[in-house]
Every structure is written in structure tokens, then in C-alpha cells.
There are 4 protein chains.
Amino acid sequence: MGLSIGVDIGGTKILAGAVTEDGEIVKTARRDTPHSDATAVLDLVAEVVTELARTVDTPIDGVGLGVAGPVDASRSHVYFAPNLRWSQVPARALLEAATGLPVVVENDGNVAAWGEYRFGAGRGSGDLVLVTVGTGIGGGIVLGGRLFRGAHGAAGEIGHANAVPNGIPCGCGRNGCIEQYASGNALVREARALAAERRPEAAILLSLGDGTPEGVQGVHVTEAARAGDPVAVEAFEIVGTWLGRGLADLAAILDPDVFVIGGGVSVAGELLLASARRTLNSKLVGLATRPAPVIKVAELLNEAGLVGAADLARDR
Amino acid sequence: MGLSIGVDIGGTKILAGAVTEDGEIVKTARRDTPHSDATAVLDLVAEVVTELARTVDTPIDGVGLGVAGPVDASRSHVYFAPNLRWSQVPARALLEAATGLPVVVENDGNVAAWGEYRFGAGRGSGDLVLVTVGTGIGGGIVLGGRLFRGAHGAAGEIGHANAVPNGIPCGCGRNGCIEQYASGNALVREARALAAERRPEAAILLSLGDGTPEGVQGVHVTEAARAGDPVAVEAFEIVGTWLGRGLADLAAILDPDVFVIGGGVSVAGELLLASARRTLNSKLVGLATRPAPVIKVAELLNEAGLVGAADLARDR
Amino acid sequence: MGLSIGVDIGGTKILAGAVTEDGEIVKTARRDTPHSDATAVLDLVAEVVTELARTVDTPIDGVGLGVAGPVDASRSHVYFAPNLRWSQVPARALLEAATGLPVVVENDGNVAAWGEYRFGAGRGSGDLVLVTVGTGIGGGIVLGGRLFRGAHGAAGEIGHANAVPNGIPCGCGRNGCIEQYASGNALVREARALAAERRPEAAILLSLGDGTPEGVQGVHVTEAARAGDPVAVEAFEIVGTWLGRGLADLAAILDPDVFVIGGGVSVAGELLLASARRTLNSKLVGLATRPAPVIKVAELLNEAGLVGAADLARDR
Amino acid sequence: MGLSIGVDIGGTKILAGAVTEDGEIVKTARRDTPHSDATAVLDLVAEVVTELARTVDTPIDGVGLGVAGPVDASRSHVYFAPNLRWSQVPARALLEAATGLPVVVENDGNVAAWGEYRFGAGRGSGDLVLVTVGTGIGGGIVLGGRLFRGAHGAAGEIGHANAVPNGIPCGCGRNGCIEQYASGNALVREARALAAERRPEAAILLSLGDGTPEGVQGVHVTEAARAGDPVAVEAFEIVGTWLGRGLADLAAILDPDVFVIGGGVSVAGELLLASARRTLNSKLVGLATRPAPVIKVAELLNEAGLVGAADLARDR
């Protein structure tokens, strides 16, 4: 079998790669995402795909495209992608016309979940939920060894399950979504608030930015927590506890064998996961009498989407 | 093909029936559930099954048994069933030995979901969630035309997703489960509280019981609401609104095409569903740009479990 | 006795008046609040006071000044006033130097509460809480016939009692303050959200603005609710219910005989108060065995502060 | 001046004492509270008072009686006292008739607050709130050096301010009262839940009872926490954090200079107060620009009520 190409279109960059059927990346390419309309973005994707195909000098079986928004059940049409300002884009038809290759389009959380399931932390599992903890919360679901898309392609919006009635307003227009409590943005918000209250304890954390609570950024919290800053450690515990609550709800509904935690915040590892695991174990319904899901850190990180998209392209 | 037998073991009665492959019940039998150990209960089930098999005078292909508790992935073993005080019961082996027929054991929410999917309100759907609103909240999930059990047989515990952090204590040992807000018990609690505050308005409702708020029962609330009692109507709206919130969370994660609402409270129909539907539509993430799930009332009611269990028995 | 002068410094305008000992306003003056520092604002206040004093041709006993921020126990010093960007302003000393008149400085909620207590809806009460429902929530407390200031002049910040743990962020830097749920801003937020979901029902409401949910303003909600728009009526009920919860908490702690509801939203009268009163009556601890506070609409409205400040000036 | 007698009628015992005008107890007496009607209880109180008066051989100026329920504004009539099953009891008239001494009747939280204000941890303060953390939460308020009773004698029910909308049901008939989160009962509930989840860590705590989480009692939690049991320490932190939230709300409304924390749980001292103080300081509105209330532990403990009641008897 030949190679397939996976493409992950993010809000700031396009990441593409030619991938073997074993999930090995043989060649990658990267571009800044243009601030123009969907046609221009897909033209650039076509250019990258064509370039990759020419470089690797091997037949390309197909292209898998991951986009940050819900995709219809035929994996052709992007309903909307807020970060790209796309609405109702027939991405498959456009990209097939431009490249002459077969294309499947898929939600970005879904391709990442598939990548981790096939070649990453989820290898060997049956029912897996990927939870990506980045600025927001995304995810994807693999059930019985198949990517689960829902009836209309919109399944897996796990960041928008409600955590707090009448809670913090969410970018989605509603209130109290778990994304407002268990994400990287929440981590920074909590760290800033704690640092403002307890400046002397937050010396390490504050020293990494401009010295003010408002100057604290996500990477500072991780670095400070690793160095033992008690305020940064506590911010991770607060966010990890909310994450664990979210996982307990997912487990009540889906009962997966594995939760894979990805996204930028997941590099903090046990700083985040210890409190998430403790909370999951204390909030899991019927815990004493049933097996519990395992929590793992994602292995493929930024490449999960690319690798998953490439693999789904074979599976038309 | 012959008949199969479905059995639904509830806390108070055992309901069994011989069912055609088209879901038609040709003969039923019913017993009070004995207050003794699992062996005695299963002996009685075996007696009922044998009696039904003899009566219908047709070959029986198998037996499907629904039990109110999680069942292992091989559909043999009941982890625990609190209403029956069962723990770790090898129900399949015991019942196969006693009847000589092939048996599958399944969670009661799962068999009811399968029954509605195959022969009830969910016919023709692909991804369906059954939500049974009885004294508590149960349910079952059918995805891609297959019953979804989760990795350990414990999926579909939708009544125990969290609705309110630090909320009302639940029988499961945790706090704030949606079951405490959107169930028949919640309906009675709300109706009693409203009736205590606003007695003059609750004249119809109070007249159906002993005249006191404490005497209000679930059937009174439904009857009074149908007769226009404003307090009973409001109690349904409160509970329906919570139900809609729960459905919105399920839709964010699972994106089904149909929610089927069953259980004793579902006979109230639009009294419950109007506010649930309104809330689902206002809380569904990305509503304007995606199709929404439909809410339907269950059609098979008490027989959904029996019919679903019988059908699953063919499907070993 | 002569007249006294009351001054209410708001974020957009300065309102001043010469007032008799019976609370009658004999002459008023008004200026836009300058966007400059505290000294410039107080110079303008001095100018207005001097002009009023000259015009009325009667001895002026003193000046009472209301400012939107906490004032120290000696009624001299403004700790901070966010709308005016004041911090640590010795307002009494500055204004006494500029006018040659005795001055008392007081929080704006306090002077309004005193005005309503002496000459408005609270006449004859003993323990009164004024709740001003404007863009935010403010208030003042009169206990045993005396203005209650607290140990440090910061009592009466009733808009910042917590209503929802981990709730909507507040301008004060914390989360879930009752001000985020029971204020005019909350009314507009709820009305917009309901109008976006149920456009056909919100025809009257939408017709008063630019036709979009985002174009809905506070005055539109009141006007539409009066005309029977169901969405506007529901927005008032939601906000009134939260207001009633806040009043129930205040009653548990303070047990006043009267709540006076003022602020711009209070002109809606029973649209707001019916659900507030119903909620207070259902949430008041020990209701059946104790007298309950009465809820009244403020009578002096915009002039409550001016009149109250003038009266407090006599009472040094 | 002579002595006065203070009496504290609790659900299980009657505690009485003869007290000097400096708050010194010269003689005490104690009886079990009879399980009979109000007349029998007050007869026993009269007997104790007469005995004390005879023993001390000094003129008695009056009797102050503390009862666990709201008392009318004339300090004569007990509206209701749930622990004693009293309803509408004219306690003052009955006790004056039986003893021939002048009597004042007062709420138990009020007399304790007055005792701590005059002779305990609140000496020298102006505005004080006593928060008694026992099985539930009670309290009393002293403002401007006077006991604050509210318009109907029902002020100071601070345990029944709402902490969580739709939260844990309270004995008062409503949901989510702070008493359900920051009391001794909450401490035991949290300790049991944590011990059930994390038995190995709770070794000290479990060893103090019968070895099971259900066997954990309040005194065990305090003793185990002092011995370093991490589960017991965490239970105190959870409850102390809720207590701090409650204090922040009281401070927003009342701005006292001192919070005195009494009740059985307060003997744990900093185990409870460290997290309460940290939370108050982080949740106090306008913290950076205003003085904050101080948190102190009660000094008079069980005798606060007796001493306060005796002192109020002088102050008719």
C-alpha cells in the first residue's frame, strides 16, 4: 500500500504530512493559515498536498482533512468552523477538484482521537474518549474500534456539556460549559486570581512574566508548577478537579476503557492528571462494583490530527 | 424463525413474554418478584419461561433477560442490581442450566432502548438515546443500529451525570445527579413544595390526595396538570426544563437523531416534553448551524424491556 | 431651620438641590460630570452649591454629598469610586474649603436609602433595606431608624453577595455575585438570549430596537413587557426570581420590615416585583411562623440620593 | 449593683448561672431538659432560678432567658423553637409569674453574641457577627454596640442564607442553605465520604470509631486532624472554605469589624479557620481598598449564652 496525506487546518497554521499505513510520518509541510476565504485556504492546502505528493515520489492513496468544526455525515461538508470563519463549505469537492485525489473531511477532534486510537496512547483500547485540553476543550470518541460521529457529524462536543448552571458565559453563547472550568484558559484565569490574592507565594510564577498577575501566561503556570510554585500547583489542582468531574460524567454515559488527555495543557502530565484521576475515582458512579476507565496522556500531541486524518483517508 | 422469550425483572414484578421476530407479543406472564436471593428469583424466572414455552407450542430460539444493573461485556454476569440486592450474579449460567435454552443477560435500560429502537418510537433512527423518567432516571443508547454497552457494560447511566455541583444527595452516594432534578421523584418533591407555598392555587392537586402537600403522589401531579392545576403544571415545567438540560448535554456528546422519553412520567406527554424541548433547543451547542435531535414519547412503555430483551436473544 | 443642599455625583451627571427639612426640593441644578480628576469634579460641585445657595436666598445649614463608593466611618474620605476613577479622596475637606459650608460625604446607596426612609416609600418603617436595581445592584440599609454604615463604612454592598458558586464573572473581580443575575444588565442579557431563541414570540420586543436580539436595550424590555411581549415578560420573571432569592437571603440575616426596590428597572413595577415577591415568600426561612418583610417600589427615584444627602447634612 | 441570672435552654440541658455585672459567673446550675410541654420546662427553669437566687444570697436584678428560636420584638414571646417543640409561648409572662423577677427572653444566638461582645472575643468591637458552627449554623449580630434583632426579632438566621441554588435539602424546608455546607454535620459528611474513597489515607480517622466510614463522628474528625490525618484535614479545609464564603457574603452586607466563630466545631481552631480566613480574604468585595473584618475564635464557648442572657437582663 502507498502513502496517504493528512492535513490539519488550524486557526494559525496548516500542518500536513505523508504517512505510511503504520502511522509513520515520512515527510511534513507547514504553512501559515491565510486570513482569507475558504477557497483560498483550500487552494493553499491543495498546493501543499501536491508538493508533498511530488516530493515523496510514491503513489498517494488519498487525503484526510481535519477542520475545527462539525462535518456532515458524508464527511464532505463543513457546517461551520468558527476559527476559520467558514460556513457551509463543500471542502471535499473543492479539494478533490484541486488535487485529483480522493478526500475525506473530518472534525479536528475526531481525527486526533483516531490518531491516538490507532497509533498513540489509545492503541489496543476499544472505547476511547480523547479530551484535548487547550485554550478550550475539544475531543473525539472512538467506540468499538470505529470513529463515532453521531447522527449529524456533531458528536464529541464534550467541552460544551454543562458543568455549572448559570455559570461562566462561554464563547458558544451559553453558560457554564465545562470548557470554562477545565481548559487552559481556566488555568490561566485561576492562576492570575490566586497570584493576585497571594503574591508572596506566587513569586516563581510572577517572575516568569512581567511581574503582574495579568502578565501570567499558560506556559508560565506549567513551568512554575514544575518548579514548585504553590499557587501554580493549586491552579492545576483546581482545573484538574473540574476535568475529573467532566470525565466522571463522560464515564457515566459512555463507559470507555481509556481517556486520552491531549492538548497543550496535557504536557503538564501529573500536575493536571493527579487531581483529575482522584476526582474521577471519587465521582464515578458504582465505582466499587465495576471496572474504571484509565487516564492516559496523549502521545502524538500536535501530530495526532495529521496522522489520524491520513489514516481515515484509507478507510473510505 | 421461532419465538424468543423476553423477561424483565423489576423490583416488584417479573414480566415475561413470548415474542415474534417482528416484535409481536403472543403471550405474556407475570409474577411478583420474590423477596429472596438471586437463585430463588432465577428459579421463578425459569418456571415462567418453561411455562410460556409449553403454552405457545412453538420452538423457542432463546431467552433475553433484563435486569436493573450493569452487566459485563459478555452479557452473562450481573455486577450488581441494587433493587434486587444482587451482587456478582452469574445469571446467564444459572438460567441456561435451569431452562436448557440459550440466554443473554442485559441491563434493563439497554433492553428497553433496544425495544423502542426496533419496534417502538425509535424505528428507523440510527443513533438513539432512551431516557426513562420514572422514580429515577435510567436509559440506554443505540448507536449506528447497535446497542451500545461501553467497555465494561456500564454505559448509559445517564441519570448519574452531574447537573448541580454540590447539589441534592443521590442514592448513588454522590451529589447533584440529574436524576435528582428531572425524575418522577423530583416532580413530586417540586409539586409538594409548590403546593405548600401556594395552597389556594393547588386546590385540584391537593384534592386528589389527602388534602395535604405531603399526601401528593406522582399520579396526582399528572392528573391535576391535565385538569389545569397551575401548581401541577409548573412542577412539570420545572422538571421538564431540567430534563431538557440533560438532553442538551447528551446531544453535545452523542449527537443522536432521536431522544425517546419513556418511563412512568412520560405518559404525561407534552406536559413534560414542551419545556424539555424548549430547553434542548435553547441549550444545544451550535444549534443554528446543525440539525437537532427529535424528542419522541416512548411507544412500548412497560413492554419495551420485554420486547427488546426477546429481540436481543436472537442476536447472539 | 434653613435649607440644606444635597448633591449626588453620578458617573455621567451631577444632580444637586436645596431641600427643606421636610424633604421638599425648592431648587435643583444639574451638570455633566467632567471627565477629569477628583479636584476638578469637586470644584464643579462647589460652583453648583454656591450658585444654589445664592439663588435660594436662605441660610444653608450644610451640604450632603453622595458618591458611588465606600466612605470612611467619619464620612470624610472616599476609599474609592470606580465610576469616577477616584481613589482615597478627602472629599469633605476639599468641599468644605471650597464652599465654606459644613459637609458630610456618604455612599450613594446609603443616601438613597436614607431619602426613601425619611421621605419616600420607607416612611414609618424601622428596619429598611433599599435595593437599587439599575445596570448593577446597589443599596443601603437603615436599622432602628439610623443609617447603617458598618464598621468601616462599607456595609450595604448587597449586589456582591454570592448567588452562584463559580458563576458569571462580575466587574468586582469575583464570580457569581447576585448583581450578575438580578440587575438591569441581567434583564437585557436574558431578553436577548430568549429573543434569539424564540424570534417569532419576541416580535414586539425586537420591533423596538433594530430588529436584532443584540439591539435590545433595557427600556425596550420594559416597554415590550407592558405591551404583552411574552419573551420580555419572561425575562422580567427570570430576573425577578433571582431578585427574590437575594431578598430572602437579606431577610434571613437582617429581618427588615420593608424592602424598597429602586433603580431604573424598578419603574417596571409588578413586572419585576411579582416574581420577586413570590420567590421571597417561598424562600423566607420560617415563613409560616413569623411576619414577613413587605416589598415596595421606591417613590423618590432619581431624587432619593439628593434628598437623602441633604437630610444627612443636618444630622452631623 | 447586684447579680443577674442567665439561663440557656438547650434541646438536651438547661444551663443557668448567677453573673456579676462584670460577666463573672459566681454560681451555676444545670438540669436535663424535660421532654414535656413549655409550661413544665419553664417550671423547672423557675425552680433553678429560685434555687440559684437563694444560694447566692444577694439581690437578683433580673433574669435573662435564651431560647433556640425567634423571639418577638418585645422580648416576651417565643414564636417557635423547633428543638423544644414550642410554638407561640409567652415565656416572659410565665417565668415572671413563677419567679417574681423581671425577665427578658431572647434568641440563643443573640444571647451568645452579646456574651462574646461584652465579655469574650468581641470585647471592644463595634459591629460583630457571631457564627456558631455546631451541628448546624446559628449566630447573632451586634451593631453599633447594640444587639440587633431585626424588625420582627428574626434577624441573624445566617445559617439559612443560600450557598448553592438547587443544593442540598435543609431541615428548614429549603435547599442549599450555607448550614448544609459549613456546619459540623457537613464536616462529618465530607469526612465520611473522603474516608470511603481513600481508606488507606484515613487510617487515623477510621481507627477512632468502629473502623467504618459510617462510624466517623465529629469529635473523631477534630482529633484525627490534630494527629495529621490527611483526610480529616481535608474535610476541615472543605468546610472552612464554605465558611469563608459565607463570611464574605456577611461582610459585603454588614461590614463588621469582627467575626467571632463559636460552636462545637470552633474548638478545632486554625484547622477550620485557616481556610475560612483565606477564602474571606480572597472573596471580600473591594478588598484591596478597604479594611477587612478580623476572624476570632469564641472565648466563652458554652457559657456565652448564659453570660449574655444575664447581662441583657440588666438592660431592660
Item to check | Qualifying position, being under 26 Å from residue D:251 (Cβ atoms) and either of a type in the set (Lys, Arg) or not assigned by TED's automatic domain parsing to the domain that holds residue D:260 (or both), among D:43, D:108, D:57 | outcome: D:108
Next on the checklist: Residues to consider are C:36, C:87; find the one that is surrounded by fewer than 15 Cβ atoms within 10 Å (Cβ to Cβ), out of contact with any helix residue (DSSP H, G or I) (no Cβ under 8 Å at 6 or more places or on another chain), modelled with pLDDT under 95 and farther than 20 Å from residue C:308 by Cβ.
Outcome noted: C:36
Checklist entry - Taking residue D:73, is it touching a residue at least 40 places away in the same chain (Cβ under 8 Å), assigned by TED's automatic domain parsing to the domain that holds residue D:33 and in contact with a helix residue (DSSP H, G or I) (Cβ under 8 Å, 6 or more places away or on another chain)? => result no
Next on the checklist: Would you confirm, using the coordinates I've provided, whether residue B:103 is farther than 14 Å from residue B:146 by Cα and at pLDDT 95 or above?
Outcome noted: yes
Item to check | Every residue from the stretch A:169-208 that is of a type in the set (D, E, K, R) and more than 28 Å from residue D:166 (Cα to Cα) | outcome: A:192, A:197, A:198, A:199, A:201
Checklist entry - Looking at residue B:147, is it within 14 Å of chain A (Cβ to nearest Cβ) and either in contact with a Gly (Cβ under 9 Å, 6 or more places away or on another chain) or aliphatic (A, V, I, L, M) (or both)? => result yes
Next on the checklist: Being part of a strand (DSSP E or B) and among the aliphatic types (A, V, I, L, M) is the filter here; which residues of the stretch D:75-132 pass it?
Outcome noted: D:78, D:81, D:89, D:103, D:104, D:105, D:128, D:129, D:130, D:131
Next on the checklist: Checking the structure you have, find out if any residue of the stretch A:96-112 is within 23 Å of residue A:240 (Cβ to Cβ) and not aromatic (Phe, Trp, Tyr).
Outcome noted: yes
Checklist entry - So is residue A:45 over 30 Å from residue A:171 (Cα atoms), buried (at least 24 other Cβ atoms within 10 Å of the Cβ), at pLDDT 95 or above and among the hydrophobic types (A, V, I, L, M, F, W, C) or not? => result no
Checklist entry - Can you name every residue in the stretch C:192-221 that is of a type in the set (A, V, I, L, M) and either more than 20 Å from residue A:170 (Cβ to Cβ) or surrounded by fewer than 16 Cβ atoms within 10 Å (Cβ to Cβ) (or both)? => result C:202, C:203, C:204, C:205, C:206, C:208, C:216, C:219, C:221
Checklist entry - Within the stretch D:285-316, can you find the residues that are more than 9 Å from every other protein chain (Cβ to nearest Cβ) and outside any helix (DSSP H, G or I)? => result D:294, D:295, D:296, D:297, D:298, D:299, D:300, D:314, D:315, D:316
Item to check | Number of positions in the stretch B:113-135 that are buried (at least 23 other Cβ atoms within 10 Å of the Cβ) and under 19 Å from residue A:286 (Cβ atoms) | outcome: 3
Item to check | Complete set of residues in the stretch A:110-129 that are hydrophobic (A, V, I, L, M, F, W, C) and under 19 Å from residue A:7 (Cα atoms) | outcome: A:111, A:112, A:113, A:114, A:119
Checklist outcome for this item: residue D:166 vs (1) within 11 Å of chain C (Cβ to nearest Cβ); (2) touching a helix residue (DSSP H, G or I) at 6+ places or on another chain (Cβ under 8 Å); (3) within 24 Å of residue B:163 (Cβ to Cβ); (4) surrounded by fewer than 24 Cβ atoms within 10 Å (Cβ to Cβ): all pass except (2)
Checklist entry - If a residue has to be surrounded by fewer than 18 Cβ atoms within 10 Å (Cβ to Cβ) and either small (Gly, Ala, Ser) or closer than 15 Å to residue A:101 by Cβ (or both) to count, how many in the stretch A:2-22 make the cut? => result 3
Item to check | Any hit, the stretch C:70-79, residues being among the acidic types (Asp, Glu), surrounded by fewer than 20 Cβ atoms within 10 Å (Cβ to Cβ) and within 19 Å of residue C:307 (Cα to Cα) | outcome: no
Checklist outcome for this item: Selection from the stretch B:77-101 of residues within 13 Å of chain A (Cβ to nearest Cβ), without any contact (Cβ under 8 Å) to a residue 12 or more places away in the chain and small (Gly, Ala, Ser) yields B:87
Checklist outcome for this item: Across the stretch B:300-316, the tally of residues that are among the acidic types (Asp, Glu) and either under 14 Å from residue B:16 (Cβ atoms) or crowded, with 22+ Cβ neighbours inside 10 Å (or both) stands at 2
Checklist entry - Where residues in the stretch A:222-271 are acidic (Asp, Glu) and crowded, with 24+ Cβ neighbours inside 10 Å, which of them is farthest from the chain's Cα centre (by Cα)? => result A:229
Checklist outcome for this item: Among the residues of the stretch B:145-174, the number that are in a strand (DSSP E or B) and either without any contact (Cβ under 8 Å) to a residue 12 or more places away in the chain or outside the structural domain of residue B:258 (by TED's automatic domain parsing) (or both) is 3
Next on the checklist: Can you go through D:140, D:159 and tell me which one is at the interface with chain C (Cβ under 9 Å from one of its Cβ atoms) and crowded, with 24+ Cβ neighbours inside 10 Å?
Outcome noted: D:159
Checklist entry - What is the residue count in the stretch C:176-191 for residues that are surrounded by fewer than 21 Cβ atoms within 10 Å (Cβ to Cβ) and either assigned by TED's automatic domain parsing to the domain that holds residue C:108 or touching a strand residue (DSSP E or B) at 6+ places or on another chain (Cβ under 8 Å) (or both)? => result 0
Next on the checklist: For the stretch B:65-80, check the following and say yes or no: at least one residue is among the charged types (D, E, K, R) and either modelled with pLDDT of 95 or more or closer than 19 Å to residue B:33 by Cα (or both).
Outcome noted: no
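The values are calculated or read from the model by the stated rules, or taken from the named source; none is laboratory data. Keep in mind the model is a prediction, meaning the values are calculated, not measured. Virtual Cβ from ideal backbone geometry, glycine too; neighbours counted across all protein chains shown.
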